[in-house]
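Enquirer: To start, I am sharing the structure in question, which I have written as structure tokens.
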Amino acid sequence: ALARHADWMAGASDPQWAAYHKHRAVAALRQGDTAAATAAVDLADAAVRRAGLSQTLLAADLAGYRGQLARGRGDLAEALRWSTRAADLARAAASASALDRGVTLANHAVTLLLAGEAEAAVAAVDEAEALWAAGGLKNPAGAGSARSVRANALWLAGDPAAALAAFEAIDAARPAGDPIPARAARQLSSARLLAWLGRPDPARADAGAT
């Protein structure tokens, strides 16, 4: 299927092929087509290696997609291996976009949280925030989701008061484009935390706000 849509790429360079197959992998992941996503990542990886781009943010993105595919199969150990690889490459890609490097680390935090490594998930989001701040990005799109991961990780790590403060801080300064589903999920998590802390009335108010 990829070849049928790639006629116009004849004569393209390896970096162009890598970018092309990366975008097809993203599209396949969004559609839930794991076979097509895997094939596209394999082709992109091959082009990356031929082009000598194995230590770039592009390579980090591809490692992250492999991690997502492993998560979808329920293989958390494999997902964590690829996610860690992606995070390491993002850290090393000093000349790449601060936004994208931070997003990679925030995605790594999700895998860490799913793997039960709560403190490491908090640290990964903190690292993403530091990258965004260093790049002059105070409140980028997607930061709300990353901060929610951090808040949930704080709760899992045994610090519910810090988790509640983290949830409240997100709502006090919502990032631009904060999607309604993410906001609703955050409010539900906050409500559950309030109930767990023995504060049911605010919890009901938060739950009603969703």
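Enquirer: I need a count of the residues in the range 164-185 that are touching a helix residue (DSSP H, G or I) at 6+ places or on another chain (Cβ under 6 Å), part of a helix (DSSP H, G or I) and either among the aromatic types (Phe, Trp, Tyr) or under 20 Å from Leu137 (Cβ atoms) (or both).
Expert: 4
Enquirer: If you check every pair at least six apart or on different chains, which have Cβ atoms under 9 Å apart with a residue in the range 186-205 that is open to solvent by 50 Å² or more (accessible area, probe 1.4 Å) first and a residue that is of a type in the set (A, V, I, L, M, F, W, C) and at pLDDT below 85 second?
Expert: Leu188/Ala207; Arg192/Ala203; Arg192/Ala207; Ala195/Ala203; Ala195/Ala207; Trp196/Ala203; Leu197/Ala203
Enquirer: For the range 40-77, which positions are touching a Lys or Arg at 6+ places or on another chain (Cβ under 9 Å) and open to solvent by 40 Å² or more (accessible area, probe 1.4 Å)?
Expert: Across the range 40-77, the qualifying residues are Leu43, Arg66.
Enquirer: Against the condition touching a Gly at 6+ places or on another chain (Cβ under 6 Å) and either more than 23 Å from Ser83 (Cα to Cα) or open to solvent by 60 Å² or more (accessible area, probe 1.4 Å) (or both), how does Ile180 come out, does it pass?
Expert: For Ile180, the condition - touching a Gly at 6+ places or on another chain (Cβ under 6 Å) and either more than 23 Å from Ser83 (Cα to Cα) or open to solvent by 60 Å² or more (accessible area, probe 1.4 Å) (or both) - is not met.
Enquirer: Can we say Ala3 is surrounded by fewer than 22 Cβ atoms within 10 Å (Cβ to Cβ) and modelled with pLDDT under 95?
Expert: yes
Enquirer: What number of residues within the range 151-210 satisfy the criterion of being β-branched (Val, Ile, Thr) and at pLDDT 85 or above?
Expert: Matching residues across the range 151-210 total 1.
Enquirer: If Arg85 satisfies every condition in (1) closer than 24 Å to Val125 by Cβ; (2) surrounded by 21 or more Cβ atoms within 10 Å (Cβ to Cβ) but one, which is the exception?
Expert: Tallying (1) closer than 24 Å to Val125 by Cβ; (2) surrounded by 21 or more Cβ atoms within 10 Å (Cβ to Cβ), Arg85 fails exactly one: (2).
Enquirer: Would you check if there is a residue in the range 34-41 being without any contact (Cβ under 8 Å) to a residue 40 or more places away in the chain, under 19 Å from Ala106 (Cα atoms) and not aromatic (Phe, Trp, Tyr)?
Expert: Within the range 34-41, none of the residues are without any contact (Cβ under 8 Å) to a residue 40 or more places away in the chain, under 19 Å from Ala106 (Cα atoms) and not aromatic (Phe, Trp, Tyr).
Enquirer: On the given criteria, is Ala172 without any contact (Cβ under 8 Å) to a residue 40 or more places away in the chain, under 20 Å from Ala87 (Cβ atoms) and surrounded by fewer than 19 Cβ atoms within 10 Å (Cβ to Cβ)?
Expert: When the stated conditions are applied, Ala172 does not pass them.
Enquirer: Just give me the residues in the range 88-128 being of a type in the set (D, E, K, R) and open to solvent by 50 Å² or more (accessible area, probe 1.4 Å), in sequence order.
Expert: Those that are of a type in the set (D, E, K, R) and open to solvent by 50 Å² or more (accessible area, probe 1.4 Å): Asp88, Arg91, Asp100, Glu117, Glu119, Asp126, Glu127.
Enquirer: Does the range 15-37 hold any residues that are within 11 Å of Leu69 (Cα to Cα), part of a helix (DSSP H, G or I) and open to solvent by 50 Å² or more (accessible area, probe 1.4 Å), and which are they?
Expert: Listed by number, the residues that qualify are Thr34, Ala35.
The values are calculated or read from the model by the stated rules, or taken from the named source; none is laboratory data. Not measured: the values here are computed from a predicted model. A quick note on method: Cβ atoms are made from the backbone with ideal geometry, for glycine too, and the neighbour counts reach across all protein chains shown. We work out accessible area using only protein heavy atoms, side chains counted, and drop any ligands, DNA or RNA first. Shrake-Rupley method; radii C 1.70, N 1.55, O 1.52, S 1.80 Å.
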